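**Q** One structure coming up, written as structure tokens, with questions to follow.
The values are calculated or read from the model by the stated rules, or taken from the named source; none is laboratory data. None of the values given here were measured: they were computed from a predicted structure. For neighbour counting, all protein chains shown are included, and Cβ atoms are generated from backbone atoms with ideal geometry for every residue, glycine included.
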Amino acid sequence: MKEETHKSRGFAGERIIEIPGQTEEKCWQLPVINGLFLTKIGFYPKAQHHYYQRPSGFNQAILLYCTDGQGWIQLPQGRVELRADEVFIIRAGVPHAYGADAHNSWTIHWLHLSGHQSDALAEALMAEARSPALGLPVPFAAERMALFDRIYETLLKGYSPANLLFANLSLAYFLASFVQPDSFRPSREPLGPVSATGKAITFMQANLSRALTVAGIAEAAHLSVAFFSRKFKQDTGYAPIEYFNHLRIQRACQLLHFSQLRVNEVAAELGIDDPLYFSRLFRKQMGVSPAAYRRGEALLHAAPRG
């Protein structure tokens, strides 16, 4: 049997980021995070008709955190009812299905988790569950939600080594808030001033539908082209336009996932007039064509790791 997913045309306020296969390989090569890192992150509010089925399981762990409403998870050993302020992890390789309750649809924050320690995390998290048929109850914490948003916003800025490290080290803290909720304490440290590279990335995000040049981005960061190019590459590991294209393809993934736009219309939304160029750029980053990605084939090309 093949994977099956059902959902409505979209859940108002939904968010999702999927890490490209090349970036996932980079995570495996970073010793600080290769034990546990996220490959996909999302938020579905009031997800009416949400349903997913994987009869053969999945090569990554899946964390579902319900903050409102309720839903269910079907596992080989039985059905799990997941309610508001409860969390559950589905281990890698376990056949499963899950969905929103028909009368009280859940709101969920969810993660796909890879790395050598994903099974250990599942064991540590679910060890405190009251019953195998119930999710683990955790007290709601605004700080936990803020941390989820911080991880999401960090990845939204691109996949530089610095962003990957920060997001996934923050992931460990986010997960710790479930494993040891009584010890969870938010950080109150104020954010520092925005760097020139940060200003450039913010400018890129605000202009994904334009054909930006290095000169234009450098001007927005108030730096000379030569100095800006060196500084940006030093800070992110990418040339400015390469990084900008990562952000554009990230936005394309969201449009393909959540909208009904045709591929050429997605390209136009990103200021790319040539659909063939867009498809080549998309395939280079994601490993599949835009049409194949929309059909859900991207993860099929990600080889499982030991």
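**Q** Could you tell me which residue of the stretch 266-277 is farthest from residue 154 (Cα to Cα), considering only residues that are surrounded by fewer than 21 Cβ atoms within 10 Å (Cβ to Cβ) and among the small types (Gly, Ala, Ser)?
**A** The residue in question is 268.
**Q** If you don't mind, there's one more thing I want to ask. Out of all the residues in the stretch 14-40, which are of a type in the set (A, V, I, L, M, F, W, C), outside any loop (DSSP other than H, G, I, E, B), under 13 Å from the mean Cα position of the chain (by Cα) and under 17 Å from residue 92 (Cβ atoms)? Break it down into steps so the answer makes sense when it comes.
**A** Restricting attention to the stretch 14-40, the residues satisfying the condition of being of a type in the set (A, V, I, L, M, F, W, C) are 16-17, 19, 27-28, 30, 32-33, 36-38.
Imposing the further condition that a residue be outside any loop (DSSP other than H, G, I, E, B) reduces the set to 16-17, 27-28, 37-38.
Those left that are additionally under 13 Å from the mean Cα position of the chain (by Cα): 16-17, 37-38.
If the condition is that a residue be of a type in the set (A, V, I, L, M, F, W, C), outside any loop (DSSP other than H, G, I, E, B), under 13 Å from the mean Cα position of the chain (by Cα) and under 17 Å from residue 92 (Cβ atoms), then 37, 38 are the ones that fit.
**Q** Moving on. Right, residue 272: touching a Phe, Trp or Tyr at 6+ places or on another chain (Cβ under 8 Å), in a helix (DSSP H, G or I) and either not aromatic (Phe, Trp, Tyr) or not assigned by TED's automatic domain parsing to the domain that holds residue 58 (or both) or not?
**A** Numbers: touching a Phe, Trp or Tyr at 6+ places or on another chain (Cβ under 8 Å): yes; in a helix (DSSP H, G or I): no; either not aromatic (Phe, Trp, Tyr) or not assigned by TED's automatic domain parsing to the domain that holds residue 58 (or both): yes.
No; evaluated as a whole, the condition is false for this residue.
**Q** Which residues, taken from the stretch 65-112, are surrounded by fewer than 18 Cβ atoms within 10 Å (Cβ to Cβ), touching a His at 6+ places or on another chain (Cβ under 9 Å) and not in a strand (DSSP E or B)?
**A** 76, 102
**Q** Going through the stretch 51-63 one residue at a time, which ones are part of a loop (DSSP other than H, G, I, E, B) and either surrounded by 21 or more Cβ atoms within 10 Å (Cβ to Cβ) or of a type in the set (A, V, I, L, M, F, W, C) (or both)? Steps first, please.
**A** Of the residues in the stretch 51-63, the ones part of a loop (DSSP other than H, G, I, E, B) are 55-60.
Result: 58, 60.
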